[in-house]
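In what follows, a single structure is set out as structure tokens and then discussed.
What follows draws every value from the coordinates through simple rules; no lab data is involved. Only a predicted model underlies this, so the values are computations on that prediction, with no experimental measurement involved. Please note: Cβ atoms are built from the backbone with ideal geometry, for glycine as well, and neighbour counts cover all protein chains shown.
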Amino acid sequence: MKRAGKSIAFRLIVAVLAVELASSLLVAVLSLAYERHIHFSSFDAVLRGHADSVLGAVQDADDVGDNVILDKADLHVPAEDVYEAYDERARLLGRSPNWPTGETRGLAADTPQQLAADADDTTEHLKIHGRHYRLILRHGSRIVDPEEPGGGTTHQITILYGAPTEHVWHAIDDAVGFYAAGSILLLAITGPLIAWLLHRGLLPLRQLAALAARVSVNEWHFNPPETARTTTELAPLTQALESALARLEQAFMQQRTFVSDAAHELKTAVTVIKSSLQLLSLRPRSAAEWQTGLARCEADAERLEELVGKMLTLARVENGAAAAGSPMPACDMAEWVYRTAAELASVATLRNVEIANNAPCAAVPVPLAAEDCSLLISNLLLNALEHSPPGSLVQLHLNAWPEASAEASSNTTAGSVEFMVKDQGEGIDPAALPHIFDRFYRGDPSRTRSTGGAGLGLAIVKAVVDHAGGSIHLDSELGKGTTATVRLPLCAVSPIRVAADSVSSSA
């Protein structure tokens, strides 16, 4: 069994805690850098002060050369500190007893001339006698016998002073440890709090899922909680679920109705044929009676065959609409309007109805297969002819409005096609208009089994139009006639021309 993935709440909690942990680590790093800067800046100030104390201990040597010496009696610095002092002639004036005499690295290994050339306040970390020290280089001057003419003798003094840094690092560690402990405590507090808040915040989602899980084929009631409707993130999901479930319910109801109506229609047709055969077998019949009865059975079988054919056509169109990824077909609707009008001219003549074709001669490409386009036009035109009284007129109009657009795809442009079939028949009852495209619906006496109507013609038309991404609308007025208006997108690809002898007879 495939394991279920982690919950959204778990992922959000882990993500938030990971961000908090990263933030804590960043705070620790920044606090380390900040505390190190602050503490060592203060420590350098102390080193400068002690180095200035060493400079103050440089005194007149009271010799004829006006030299200076380092008087350690007047020098009071920590015993663990190290220092040494030179004059401008690189003469050692004095150093601390614990000065690293064998040091070969950094400032401690430089010659007096190198130290004199280095910049003032130069600092360096160095390990001396197993301990970590920080050294600072200071330059200063001392004047001998300033009361003599000429202002006395000035000596340039170079002092290298260092002190251990363990206590500085201890202070830094304590400060960083405080920040780290605070961050850990914050994580320990906010972790459960975040988990509780997320669990509570996702409650509308769980309620929505629980209600959606109750929906079944037999129970379509879905009433999402108000919290889901008013939550910004869940409102689109709630609306999508309601819309999807409503469409599914409608599809299931249509399927059930279709199966029920189809079974009823087929049962009725089979029952008529069976009754005719039983009637023939009740008593001896003459050859003429057998011929008449068999002709009746054949006519009933033809109606049954027509019904099954229309049901298969409807299923084919709807299955084609469900197929995704297949290339969109294209045909010239103007061509099929002329062909269909020519094919049904004999029907119009028998009914004494005139067909006025106002379709353009130029090509009008629409995203329909030739067979579907023929079904669309022929069903609408036959329906208009059947409902038109003798001496009336049926008008066919076809208009196209191409509108180029930068957003147009490779198959369609921002244009539309309008096809209208207008008759002068008896019209449709307004109460029947909402159901006129339902399968097996017969809203008026002219659509009865006696005329061969199965109530699938307009349902097929609606399926074809929906497949092409268009729309169909009926405007009718009792006693004046009906106008069927079909709107389809204009197709950009070249339409497929069909030979005149390949027109489907099923149209």
Could you point to the residue in A119, P204, S24 farthest towards the positive end of the chain's charge dipole, with +1 and -1 charges on the Cβ of Lys/Arg and Asp/Glu respectively? P204
The helix 287-322 Cα axis meets the longest alpha-carbon principal axis of the chain at an angle in degrees, between 0 and 90 and rounded to 10, of 10
In what sequence do Y179, Y133 fall when counting other Cβ within 10 Å, fewest first? Y179, Y133
Burial ordering of W169, W196, fewest other beta-carbon atoms within 10 Å first: W196, W169
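Taking loop as defined by DSSP and a crowding limit of 14 other beta carbons within 10 Å, which GluC sites (Glu not before Pro) in region 154-236 fit? Show your work: numbers first, answer last.
Details: sites: E166, E219, E226, E233; in loops: E219, E233.
Answer in residue order: E219, E233.
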Could you tell me which of G191, Y133, H50 has its Cα farthest along the dipole of the chain towards the positive end, charges placed at Cβ (Lys, Arg +1; Asp, Glu -1), taken about the Cα centre? G191
Does anyone have the angle between helix 457-467 and the longest principal axis of the chain? Alpha-carbon axes, 0 to 90°, nearest 10? 20
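So which of K274/K310; K274/K462; K267/K480; K267/K422 end up more than 25 Å apart by C-alpha? Each step should come with its number before you reach the end.
Values: K274/K310 22 Å; K274/K462 34 Å; K267/K480 37 Å; K267/K422 35 Å.
Among K274/K310; K274/K462; K267/K480; K267/K422, the Cα-Cα distance tops 25 Å for K274/K462; K267/K480; K267/K422.
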Semi-axes of the equivalent ellipsoid of the chain: what are they in whole Å, largest first, if each equals the square root of 5 times a C-alpha gyration tensor eigenvalue? 107, 30, 18
